[in-house]
Amino acid sequence: LQGDALYVLTQAGAPRRKLVKVDLTQGRVEGAPVVIAEPKDAVLEEFALTPTAIITAVRHGTHVTLRRHERGDSLGRPLPAPAPGTSFLAAAPAQDSEQLIIAFSSWTEPPRWLRLDGDQLSEVKLGVQGIPAGLPEVVVTEVDIPSHDGVRVPMTILHRKGLALDGRNPVLLEGYASYGMSISAHFSTDTMAWIERGGVAAYINPRGSGVHGDEWHRAGFKATKPNTWKDGIAGARYLIAKGYGSPRTMGITGGSAGGIFVGRAVTEAPDLFAAAIFEVGVLDALRAEESANGVTNISEFGSMKDPAEFKALLAMSTYHAIQDGKAYPGVLLVHGLNDPRVDVWHSAKTTARLQAAQAGLADARPALLRLDAHAGHGIGSTLTQRQAMSADTQS
């Protein structure tokens, strides 16, 4: 809100989003003039107003950059950044000020805060430490890999400099891809510990994420949801083909709605993976609607009461895809007993189903259930809980 104008970020008729200016004396969004046009090759993520300009955050793959738009300038110009990474508008310290607080992070640099004043960035000292000493030099590779239908899917690969790509390295592929949410460039001490010990970390933004806007989200949504895990399978195959790892060393992980990503990749292409982490995952998509938080997710996944959406839910349900007599990767299912978003029975029944399906198989790998009586969906977990879980999952 600024004066008699309401600035509205919308994807109506603009899958990559645009900014319109609504005159509140007229009170109509329809026909409101466009002040920031929809980007042609990026996604408009957010914006902030200053007395003289509009500052926007624009996504290019896993990187988010800032642009300054003087009033009347729809295209804007790029603002400086410390390095390639993720810049987000964190706060406006004072009303009607040209100054904004910016949060910045990258794959190799922990979060820090900067003050943006016009075109100038300056450090804000908040007691946050810089890059920890002794970290290995990390190679960051951005690729667009072909999926099952030829569509190019963005993936970022991180590993220690000098690591031999001989197919023997442990690899952990992570994806989420629901609600239009995207993985951005970010620093993770867990990832650094993995890389330090010779692991490869890969982050993929399959269809269902918002990395290319609303159309990309809807290409992994309800009936099109299979693209999400098929894109993940394509990512694993690429990593194997390029020598980052092999089916003997390939791991895959996903959490919450990302349980669909990891669970269905593992059940559709079990031979590609040695291990999988299902973290507080949506694993019985058919029954999820009947849980306390189920109705809120119908708009994303569908309802079992609708025949067409029932078929889509069945296709994305890991529990129902498990087959008797089939060998699956070693699986660790992680859950908190007090999870209000995804009920713990998702992980419990899927563990039991995996164990029963592989009973008597000579090559059966373990299906382990890790429960925490003092945890929920992960939000609010203590540092001790998080570190203990990371040690278990990386092991």
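The values are calculated or read from the model by the stated rules, or taken from the named source; none is laboratory data. Please read these numbers as outputs of a predicted model, since none were measured by experiment. Because the Cβ atoms are built from the backbone with ideal geometry, glycine has one as well, and the counts that use them run over all protein chains shown. Accessible surface is based on the protein model in full, side chains and every heavy atom, while ligands, DNA and RNA are left aside. Shrake-Rupley method; radii C 1.70, N 1.55, O 1.52, S 1.80 Å.
For segment 204-222, give me each residue that is part of a strand (DSSP E or B) and within 27 Å of PRO307 (Cα to Cα).
ARG207, SER209, listed by residue number.
Can you find even one residue in segment 165-178 that is over 23 Å from TRP229 (Cα atoms) and among the aliphatic types (A, V, I, L, M)?
yes
Are any residues in segment 110-133 closer than 15 Å to PRO80 by Cβ, in contact (Cβ under 8 Å) with a residue 40 or more places away in the chain and either within 21 Å of the chain's Cα centre (by Cα) or surrounded by 13 or more Cβ atoms within 10 Å (Cβ to Cβ) (or both), and if so, which ones?
Residues satisfying the conditions are LEU116, LEU121.
Could you name every one of the strands (runs of 3 or more DSSP E) located completely within segment 53-109 that has at least 2 residues being β-branched (Val, Ile, Thr)?
Because the criterion is at least 2 residues that are β-branched (Val, Ile, Thr), the strands (runs of 3 or more DSSP E) in segment 53-109 that meet it are 53-60, 63-70, 99-106.
Taking segment 327-359 as the search range and keeping residues that are open to solvent by 30 Å² or more (accessible area, probe 1.4 Å) and within 23 Å of ALA269 (Cβ to Cβ), which one is nearest to the chain's Cα centre (by Cα)? Working first, answer last.
Keep residues of segment 327-359 that are open to solvent by 30 Å² or more (accessible area, probe 1.4 Å), which gives 327, 337-338, 340-341, 343-345, 348-349, 352-353, 355-356, 359.
After this cut, where a residue has to be within 23 Å of ALA269 (Cβ to Cβ) as well, the list is 327, 349, 352-353, 355-356, 359.
Numbers: ALA327: 28, LYS349: 25, ALA352: 28, ARG353: 27, GLN355: 29, ALA356: 31, ALA359: 34 Å.
Here the residue is LYS349.
Got a sec? Which of SER381, SER395 is surrounded by fewer than 14 Cβ atoms within 10 Å (Cβ to Cβ), at pLDDT below 95 and among the polar types (S, T, N, Q)?
Within the list SER381, SER395, the selection yields SER395.
Out of PRO39, PRO33, PRO84, I need the residue that is loosely packed, with under 14 Cβ neighbours inside 10 Å and at pLDDT 90 or above. Which one?
Only one candidate qualifies: PRO33.
Any residue at all in segment 145-163 that is open to solvent by less than 30 Å² (accessible area, probe 1.4 Å) and over 21 Å from the mean Cα position of the chain (by Cα)?
Yes; the residues of segment 145-163 include at least one that is open to solvent by less than 30 Å² (accessible area, probe 1.4 Å) and over 21 Å from the mean Cα position of the chain (by Cα).
Being surrounded by fewer than 18 Cβ atoms within 10 Å (Cβ to Cβ) and either of a type in the set (A, V, I, L, M) or touching a helix residue (DSSP H, G or I) at 6+ places or on another chain (Cβ under 9 Å) (or both) is the requirement here; does ALA288 meet it?
Here the answer is no, as ALA288 does not meet what is asked.
Please state which of the following conditions LEU75 fails to meet, knowing it meets all the rest: (1) open to solvent by 40 Å² or more (accessible area, probe 1.4 Å); (2) under 23 Å from SER209 (Cα atoms); (3) touching a residue at least 24 places away in the same chain (Cβ under 8 Å).
(2)
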